[in-house]
Amino acid sequence: MKLGFRNLDKDGGGSITLTPEDPEDMWHAYNLVAEGDSLKASTIRKVQTESATGSVGSNRVRTVLTIQVEGIDFDHQACVLRVKGRNIVENQYVKMGAYHTLDLESNRKFTLTKPHWDSIALDRIELACDPTQHADVAAVVMHEGLAHVCLVTSSMTMVRAKIDTHIPRKRKGMCGSHEKGLQRFFDNVLQAILRHINFDVVKCVLLGSPGFVKDQFYEYMMQEALKLDYKVLTENKSKFVLVHSSNGFKNALKEVLSDPFVTSKLSDTKAAGEVKALEAFYSILQNEPSKAFYGIKHVEKANEAQAIEIILISDNLFRCYYF
């Protein structure tokens, strides 16, 4: 998602212009638009025209409309968001108060105006516009002298850093230059990890290489973390997973992610995390029904008793205008 324009006042109201770029962005847009909002976007309108002789014809024209949202429908197959409402800004083709349906599609900007932008909507925009905020898997594929630091989301893989360092070959009686070059390479990879991986978001870091390069790097990284007090590494030591890859090029990432061992380790990423929470609810409901409740009235009573540990809210209810 691209952020084009943002104008919010002190009370939290205002307008934000966004351009969705992929199907995931369309889902974010669906969760942002709510009944009562104002939506401005380019659209096509069928317009009737009358000639001097009195004959009536019709043609389709492209225009920009601003509507007050009354209905929202998301087509999952076509990834199109259809928003219905009344026109609230004067337009040469559409009367004030006339109904129109805007189709929001990928790579077409729209401007959304709300009387109040809450923190959840703003967090969603930040999440959609900064892919590093929702990449909960990171990977480093390497061989001696070459490494790629990548972030993996549900829809794309981003190379955040490429480290290409010359390492002298091992020669009889001259191993020192090779070791120094390897250490310099490892230090560059370490700095790239610290710079580009957000351990508050990332749940798993894959280290892949042929042979023992990954093992040597991991040992070097942990020694440096203890020596230089890199707490972010020592505290997240359990997130690192060492796997085999045939080389240090980006295409080796596909090989790493298809490893069955890696697949099991990635079971706690965002999509799987939501499924896991729902499965836990069903399990408690079946085995300890006195600890699991559903429905607004029962949840409200549990809240009054301050007895809620985890609450799950469906997307439909969360988007409800009166909720």
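With the structure loaded, tell me whether D136 is among the charged types (D, E, K, R) and either at pLDDT 95 or above or surrounded by fewer than 16 Cβ atoms within 10 Å (Cβ to Cβ) (or both) or whether it fails that test.
Values: among the charged types (D, E, K, R): yes; either at pLDDT 95 or above or surrounded by fewer than 16 Cβ atoms within 10 Å (Cβ to Cβ) (or both): no.
When the stated conditions are applied, D136 does not pass them.
Across the range 205-234, what is the total count of residues that are within 20 Å of H143 (Cβ to Cβ) and part of a helix (DSSP H, G or I)? Give the steps one after another, and end with the answer.
Step one: of the range 205-234, the residues within 20 Å of H143 (Cβ to Cβ) are 205-221.
If we keep only those that are part of a helix (DSSP H, G or I) as well, we get 213-221.
Qualifying residue count for the region: 9.
For the range 221-229, indicate whether the set of residues that are touching a helix residue (DSSP H, G or I) at 6+ places or on another chain (Cβ under 6 Å), of a type in the set (G, A, S) and either at positive phi or touching a residue at least 40 places away in the same chain (Cβ under 8 Å) (or both) is non-empty.
Checking the range 221-229: not a single residue is touching a helix residue (DSSP H, G or I) at 6+ places or on another chain (Cβ under 6 Å), of a type in the set (G, A, S) and either at positive phi or touching a residue at least 40 places away in the same chain (Cβ under 8 Å) (or both).
Return a yes/no flag: does the range 22-44 have any residue that is farther than 14 Å from R82 by Cα and either of a type in the set (A, V, I, L, M) or in contact with a Gly (Cβ under 7 Å, 6 or more places away or on another chain) (or both).
There is no residue in the range 22-44 that is farther than 14 Å from R82 by Cα and either of a type in the set (A, V, I, L, M) or in contact with a Gly (Cβ under 7 Å, 6 or more places away or on another chain) (or both).
Could you tell me how many of the residues in the range 245-254 are in a helix (DSSP H, G or I) and either without any contact (Cβ under 8 Å) to a residue 40 or more places away in the chain or of a type in the set (K, R) (or both)?
So in the range 245-254, the residues in a helix (DSSP H, G or I) come out as 252-254.
Add one more test, that the residue is either without any contact (Cβ under 8 Å) to a residue 40 or more places away in the chain or of a type in the set (K, R) (or both), and what stays is 254.
Residues in the range 245-254 being in a helix (DSSP H, G or I) and either without any contact (Cβ under 8 Å) to a residue 40 or more places away in the chain or of a type in the set (K, R) (or both): 1 in total.
Would you be able to tell me the number of residues in the range 58-116 that are surrounded by 12 or more Cβ atoms within 10 Å (Cβ to Cβ), of a type in the set (S, T, Y) and outside any loop (DSSP other than H, G, I, E, B)?
So the count comes out to 6.
Considering the range 43-57 alone, what residues qualify as being surrounded by 12 or more Cβ atoms within 10 Å (Cβ to Cβ) and free of Cβ contacts under 8 Å to residues at least 60 places away in the same chain? Lay out the reasoning, then the answer.
First, pick out the residues of the range 43-57 that are surrounded by 12 or more Cβ atoms within 10 Å (Cβ to Cβ): 43, 45, 47.
Once the filter is applied, which keeps residues that are surrounded by 12 or more Cβ atoms within 10 Å (Cβ to Cβ) and free of Cβ contacts under 8 Å to residues at least 60 places away in the same chain, the range 43-57 yields R45, V47.
Test V202 against the stated conditions and say whether it is assigned to a strand (DSSP E or B) and of a type in the set (A, V, I, L, M, F, W, C). Steps first, please.
On the way: assigned to a strand (DSSP E or B): no; of a type in the set (A, V, I, L, M, F, W, C): yes.
For V202, the condition - assigned to a strand (DSSP E or B) and of a type in the set (A, V, I, L, M, F, W, C) - is not met.
Take the range 192-222 and flag every residue that is surrounded by 12 or more Cβ atoms within 10 Å (Cβ to Cβ) and either more than 13 Å from F240 (Cβ to Cβ) or polar (S, T, N, Q) (or both). Let's see the steps before the verdict.
Pass one, the range 192-222, residues surrounded by 12 or more Cβ atoms within 10 Å (Cβ to Cβ): 192-194, 196-199, 201-210, 213-222.
A192, L194, H196, N198, V201, S209, P210, V213, Q216 - these are the residues of the range 192-222 that are surrounded by 12 or more Cβ atoms within 10 Å (Cβ to Cβ) and either more than 13 Å from F240 (Cβ to Cβ) or polar (S, T, N, Q) (or both).
Which numbered condition in (1) surrounded by 16 or more Cβ atoms within 10 Å (Cβ to Cβ); (2) among the small types (G, A, S); (3) under 23 Å from the mean Cα position of the chain (by Cα) is the only one that G4 fails?
Unmet for G4, out of (1) surrounded by 16 or more Cβ atoms within 10 Å (Cβ to Cβ); (2) among the small types (G, A, S); (3) under 23 Å from the mean Cα position of the chain (by Cα): (1).
Quick test for you: out of L39, L81, L65, pick the one residue that is within 19 Å of I16 (Cβ to Cβ) and touching a helix residue (DSSP H, G or I) at 6+ places or on another chain (Cβ under 6 Å). Before the answer, list the steps.
Values: L39 fails: touching a helix residue (DSSP H, G or I) at 6+ places or on another chain (Cβ under 6 Å); L65 fails: touching a helix residue (DSSP H, G or I) at 6+ places or on another chain (Cβ under 6 Å).
After applying the criteria, what remains is L81.
The values are calculated or read from the model by the stated rules, or taken from the named source; none is laboratory data. If you're wondering where the values come from, they're calculated on a predicted model, not measured in any experiment. Positions of Cβ are generated from backbone atoms using ideal geometry, with glycine treated the same way; all protein chains shown enter the neighbour counts.
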